[in-house]
Amino acid sequence: MSKKLSLQWRRRLSSLVGSGIIQLLFLHLSYAGPLEPNNVQILVEPGTAETTKENSHPTSVLEDLQKYYQDTDHTKQLKAPTPKSSSTSSTSTQTPVQSSLIKTQSTTNTTPTTESNSLTTNALTTQAVAVKKSALILYDAPDNVPYKKLGQVYAIMLRNLLGHFDINVDLAAIQTYTAGKIESYDTIFYLGSYFDNPIPQAFLIDVMQTTKTIVWSKYNLWQLAWNQNLQFTQKFGFSFSGVRGLNATPTAANPTPGFFDTVVYQNKSMIKFYQFDAATQTVKADPEIGATVVTDPQKALVKLQISNPITKENLPYIIQSGNFWYIADLPLTYIGPRDRYLVLCDLLHDMLGVNHAVKHQAMVRLEDVSALVDLTTIRQLSDYLSRNRIPFGIATIPHYMDPLGKYNGGIPQEIPLAQATTLLNALQYAKTRGGIVLMHGYTHQYAAVPNPNTAVSADDFEFWNIVQNAPVAEDSVTWATQRLTNGLNELKAKGYTPTIFEFPHYEGSPNSYQAVGPLFKARYERAFYYTSDNPNLNLGVNDPNRDFSAGQFFPYVIYKDYYGQMVLPENLGNIEYDIHTIDPISNINYGWDQLYMNAQYAVVVRDGFASFFFHPFWLETSLHLPAFTDFQKLVQGITRLGYTWTSPATLSTTVAQ
């Protein structure tokens, strides 16, 4: 294997599929709590259940999925004040004490304030300026419990999706709610993620009285629906009957007992993620849903159903009754490109009353283009895209580093852009054929230490210490700004002024995200989000001060995410090939047809994208792979689906509507 080829394989140490073929989380959260009475753990996790080359790292993807939250069966814990059954699940019973200790998806914020990074502002009320729509996201935050900060993750993820719209957004813990606050907003979301978390009576009363849009997800609806004084069923025309979960306890003999896992939306079956490890008796899934029954079809409309393939039952998944919406689960867990997450992404238009026109766009990005790029591959891809009038991004690493001489015979090697003749030729060739240079880190590695692989550019993380699962030692806005500026200066010196940035391996610290904003118009990536500006993810599992993070992909442009920045979507993933005979670690096949299927699902979002990236090194002739043919098939397939190819540079100048 040549030195250059060896480098390309090493780049793939963290390269995994772009969809659910390897259903592991884009997270680095850790928890393995006490076993349930039946010795089966149910782990529910926020963020994506898929991986790509860029979002993967050894602690959450290449190795075992880390656990941050032990879910349990709550289907036998609720008792309605009527004879209606509250459960039919046959999984184990737990005491309320166990439930309250384990079911702790909660958050840090204890006061209902706007986001500290100035993502939200009060709506303008002058006659000269139209008043912006506004939304309030409320989430569970019980005091003095483990995972105190966890619920904030869900709120941040939803906040990001709302950044697709031209609205103001506030986040607050439900415990801080005060009477009448609903009336300051157009849409109010409550994320019921903590089982039986006490909801303030003021909120329950306001929900029943307001004409503002209410969207309630998953847990704790019983506190509203079973309160005889509030007459929930009489007003909204549906009742809450209980929580449904797994049909039975999974075993080695019956590893998939089934649950309500399938939502059909626009003729696409979206199946919730499920994985059972018989050796550890661990279930990774979010099987529980709130079961409802329509009592007055004139008032309540079942927008979607969710089905149980084993029992053949159907239950309402999303119900709308006037201004009140109920979602039976939390569609921010185990998200993927063929998941009910897309339903939420689309129906947010209706919930907010912002009906964007149907418009499907596509993007493609050539990934990890650095000093050792093979010019032939860039020419071949650029020529094909140019002939088909398809603009494309070029994720450029301006400064190549191999400080340990991993691929240079033990001799350290450094190639700044000014000396990277092949890279400069490749960028110029691509530019004249519709290529847009974006900056993909400065060196795409960190210092002279493996992080976690080789310390070589494109192999490792740059703005996050993945070995310690923490910010790097030098982490600060100033430090990150200097690295970004160094990369920009090298590119500018050669005539390139990128306005779009992509984090190496899709991850940086909160400080490094903050540094990006003043220097670039947009990021083009999936992203990590944290529950504090200086996250400590490594405290004990029962420490309420422990921080959490979650990863998220987007099916459309986010004009202002939690960091206050525009994010261009990458939602299909990337083509992968099993070459384990050359590199034992490169043992995954993820074909063009899988990405094509992801694009078929993305169409259900009315303004959804089909956006993917591709590594040019797959075209190197020594591999004898059908990579170029597969690339063409994917591009042609996306085009046939009706997507219009667009440039990331064009998108970065658009504004929210």
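The values are calculated or read from the model by the stated rules, or taken from the named source; none is laboratory data. Computed from a predicted structure; not experimentally measured. Counting neighbours? That spans all protein chains shown, and the Cβs are built from the backbone with ideal geometry, glycine included. Side chains are part of the model used for accessible areas, which takes the heavy atoms of the whole protein and leaves out ligands, DNA and RNA. Shrake-Rupley method; radii C 1.70, N 1.55, O 1.52, S 1.80 Å.
List every residue pair whose Cβ atoms sit under 7 Å apart, with the two residues 6 or more apart in sequence or on different chains, where the first one lies in the range 221-232 and is within 15 Å of Q209 (Cα to Cα) and at pLDDT 95 or above and the second, anywhere, is in a helix (DSSP H, G or I) and open to solvent by 30 Å² or more (accessible area, probe 1.4 Å). These pairs meet every condition: A225/T233. Taken residue by residue, the range 271-291 has at least one member that is open to solvent by 40 Å² or more (accessible area, probe 1.4 Å), under 20 Å from E313 (Cα atoms) and part of a strand (DSSP E or B). You will find that of T443, T454, T377, the residue that is over 25 Å from S512 (Cα atoms) and not basic (K, R) is T377 and no other. Restricting attention to the range 300-332, the residues being closer than 13 Å to K272 by Cα and open to solvent by 20 Å² or more (accessible area, probe 1.4 Å) number 2.
Within the range 392-415, the set of residues being under 18 Å from G487 (Cα atoms) and part of a loop (DSSP other than H, G, I, E, B) comprises I397, P398, H399, P403.
Per this entry, R379 is not counted among residues that are part of a loop (DSSP other than H, G, I, E, B), in contact (Cβ under 8 Å) with a residue 24 or more places away in the chain and either under 26 Å from T262 (Cα atoms) or open to solvent by 40 Å² or more (accessible area, probe 1.4 Å) (or both).
Exactly one residue out of T311, T376, T333 is polar (S, T, N, Q) and either within 30 Å of Y446 (Cα to Cα) or touching a Phe, Trp or Tyr at 6+ places or on another chain (Cβ under 7 Å) (or both): that is T376. Candidates are the residues of the range 169-192 that are touching a Pro at 6+ places or on another chain (Cβ under 9 Å) and assigned to a loop (DSSP other than H, G, I, E, B); the one that is farthest from G47 (Cα to Cα) is A179.
Looking at V373, V358, can you tell me which residue is out of contact with any helix residue (DSSP H, G or I) (no Cβ under 9 Å at 6 or more places or on another chain) and either within 26 Å of N486 (Cβ to Cβ) or touching a residue at least 24 places away in the same chain (Cβ under 8 Å) (or both)? It is V358. When the range 637-649 is filtered for residues that are in a helix (DSSP H, G or I) and under 24 Å from the mean Cα position of the chain (by Cα), the ones remaining, listed by number, are I638, P648, A649. Residue selection: L572 fails the criterion of being aliphatic (A, V, I, L, M) and open to solvent by 20 Å² or more (accessible area, probe 1.4 Å).
Could you please let me know if A458 is open to solvent by less than 50 Å² (accessible area, probe 1.4 Å), assigned to a helix (DSSP H, G or I) and within 27 Å of P569 (Cβ to Cβ)? The answer is no for A458. In the range 518-540, the qualifying residues are those that are among the aliphatic types (A, V, I, L, M) and at pLDDT below 95, and the one that is most open to solvent (accessible area, probe 1.4 Å) is L539.
Residues that are under 30 Å from T654 (Cβ atoms), touching a Lys or Arg at 6+ places or on another chain (Cβ under 7 Å), surrounded by fewer than 22 Cβ atoms within 10 Å (Cβ to Cβ) and not hydroxyl-bearing (S, T, Y): does the range 220-238 have at least one? Scanning the range 220-238, I find no residue that is under 30 Å from T654 (Cβ atoms), touching a Lys or Arg at 6+ places or on another chain (Cβ under 7 Å), surrounded by fewer than 22 Cβ atoms within 10 Å (Cβ to Cβ) and not hydroxyl-bearing (S, T, Y), so the answer is no. The residue pairs whose first member lies in the range 453-481 and is at positive phi, whose second member is among the basic types (K, R) and buried (at least 23 other Cβ atoms within 10 Å of the Cβ), and whose beta carbons are closer than 6 Å, counting only pairs six or more residues apart or on different chains, are A458/R11. Q565 fulfils the conditions (1) buried (at least 22 other Cβ atoms within 10 Å of the Cβ); (2) touching a residue at least 60 places away in the same chain (Cβ under 8 Å); (3) over 23 Å from M270 (Cβ atoms) except for a single criterion, (2). Hey, does the range 542-562 have a residue that's touching a strand residue (DSSP E or B) at 6+ places or on another chain (Cβ under 6 Å), open to solvent by 20 Å² or more (accessible area, probe 1.4 Å) and in contact (Cβ under 8 Å) with a residue 40 or more places away in the chain? Yes, the range 542-562 contains at least one residue that is touching a strand residue (DSSP E or B) at 6+ places or on another chain (Cβ under 6 Å), open to solvent by 20 Å² or more (accessible area, probe 1.4 Å) and in contact (Cβ under 8 Å) with a residue 40 or more places away in the chain. Number of residues in the range 362-376 that are touching a strand residue (DSSP E or B) at 6+ places or on another chain (Cβ under 8 Å) and either open to solvent by 30 Å² or more (accessible area, probe 1.4 Å) or part of a helix (DSSP H, G or I) (or both) equals 1. The residues of the range 333-361 that are open to solvent by 10 Å² or more (accessible area, probe 1.4 Å) and of a type in the set (S, T, N, Q), listed by number, are N355, Q361. Out of A141, A179, A173, A155, one residue alone is surrounded by fewer than 18 Cβ atoms within 10 Å (Cβ to Cβ), touching a residue at least 12 places away in the same chain (Cβ under 8 Å) and of a type in the set (A, V, I, L, M). It is A179. Do we have any residue at all in the range 322-337 that's acidic (D, E), in contact with a helix residue (DSSP H, G or I) (Cβ under 7 Å, 6 or more places away or on another chain) and touching a residue at least 40 places away in the same chain (Cβ under 8 Å)? The answer is no; no qualifying residue exists. Taking the listed residues A480, A448, A418, A430, the one that is surrounded by fewer than 16 Cβ atoms within 10 Å (Cβ to Cβ) and either assigned to a helix (DSSP H, G or I) or among the aromatic types (F, W, Y) (or both) is A418, with no other qualifying. Residues in the range 539-557 that are over 21 Å from the mean Cα position of the chain (by Cα) and not small (G, A, S): L539, V541, N542, D543, P544, N545. Restricting the range 575-599 to residues that are in contact with a strand residue (DSSP E or B) (Cβ under 6 Å, 6 or more places away or on another chain) and among the acidic types (D, E), which is surrounded by the fewest Cβ atoms within 10 Å (Cβ to Cβ)? Across the range 575-599, the extreme among qualifying residues is D578. Exactly one residue out of F259, F276 is over 28 Å from A225 (Cβ atoms) and within 25 Å of the chain's Cα centre (by Cα), and it is F276.
Identification of helices (runs of 4 or more DSSP H) wholly contained in the range 193-242 with 2 or more residues that are farther than 22 Å from K148 by Cβ and of a type in the set (S, T, N, Q) yields 201-209, 232-236.
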